[in-house]
Amino acid sequence: MAEVRDLVVEKVSKSFRGLQALSEVSLRVEPGEIVGLIGPNGAGKTTLFNAVSGFMVPDQGRVAFGGQDLIGRKPHEICKLGLTRTFQIVKPFGNLSVLENVAVGGFNHTLRPGVAEEESWRILEFVGLAPKALIPARNLTTPDRKRLEMARALATAPTLLLLDEVMAGLNPTEKEEVIGLVKKVRSAGTSVLIIEHAMRVIMGLCDRIYVLDYGCLIAEGAPKAISSNPKVIEAYLGKEYATAERH
């Protein structure tokens, strides 16, 4: 397993044609943590993921993983350092089998097909997709596609996994299953930074939470502190959520 590493984001800013998507955002993910990133649509959450994972270069600021500067590195280079991500819109290789989809990620750390396939079977058992390993990925249901997206990411052997709305479109039972899977990922030694809109999920899952609004960091802290923060209630949670939580 790769060396355990921490993520440090310091005063990262990014604008698109004059629109400030991120404004001096800072956060940290320590080894072994599950950290949440929440905020309204358009707050800059996925933009921050893109900056961290190499899919976009910020205008200013610092991003480091395990003490190594990430800005200017390509996504595949960052992946080799042990940091990988999932995507909001899941796009598996539809004509490949579920097993083959996962094996593609395995080539991040091995050039031996047999090793990649063996590891892919282990990961499919881990996420609960082993019985469907040999079917085409295009035939999977939405919940199973979400699991496959996580499996492909895990196949790269990350020590930090960025999850972008991995529970979107799932029913309550399916969300509970994914919550259990995220906890298993952490128990297996991989830290997690997760974007999620289901507040009761995020509040029960995360050690700490960062809140973005209009590209600015407006709050950071433990779930209980975030759920009672007036700025967060006004910008995102709403008074109805805060009232329900008190009761």
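Using packing as a proxy for protection, rank 53-66, 199-212 so that the peptide with the highest average count of other Cβ atoms within 10 Å comes first.
Working: 53-66: 17.6, 199-212: 20.5.
The peptides rank, most packed first, as 199-212, 53-66.
If I fit a long axis through the Cα atoms of helix 113-127 and take the longest principal axis of the Cα atoms of the chain, what angle between them do I get, 0 to 90°, rounded to 10?
50 degrees
Enumerate the calculated ³J(HN,Hα) couplings along the range 81-88 in order (Karplus 6.51 cos²θ - 1.76 cosθ + 1.60, θ = phi - 60°), each rounded to whole Hz, writing x wherever the residue is Gly or Pro.
6, x, 10, 9, 9, 9, 10, 4
Please list, ordered by chain and number, the residues whose modelled amide H lies under 5 Å from the amide H of residue 21; skip anything fewer than 5 residues away on the same chain.
14, 15, 16
Taking the Cα centre of the range 7-246 as the origin, how large is its charge dipole in debye, to the nearest 20, when only Lys and Arg (+1) and Asp and Glu (-1) carry charge on their Cβ atoms? Kindly include the intermediate steps, with their values, before the conclusion.
Details: 29 positive and 26 negative charges, 38 e Å.
In debye, rounded to 20, the range 7-246 gives about 180.
State, to one decimal in nm, how far the label point of residue 135 lies from the label point of residue 122, with both points 7 Å from Cα in the Cβ direction.
Taking the two extended label points, one gets 2.6 nm.
Each reported figure results from applying straightforward, stated rules to the coordinates on display, with no laboratory input. Since the model is a prediction, treat every value here as computed from it, not as a measurement. Glycine also receives a Cβ, built like all others from the backbone with ideal geometry; neighbour counts cover every protein chain displayed.
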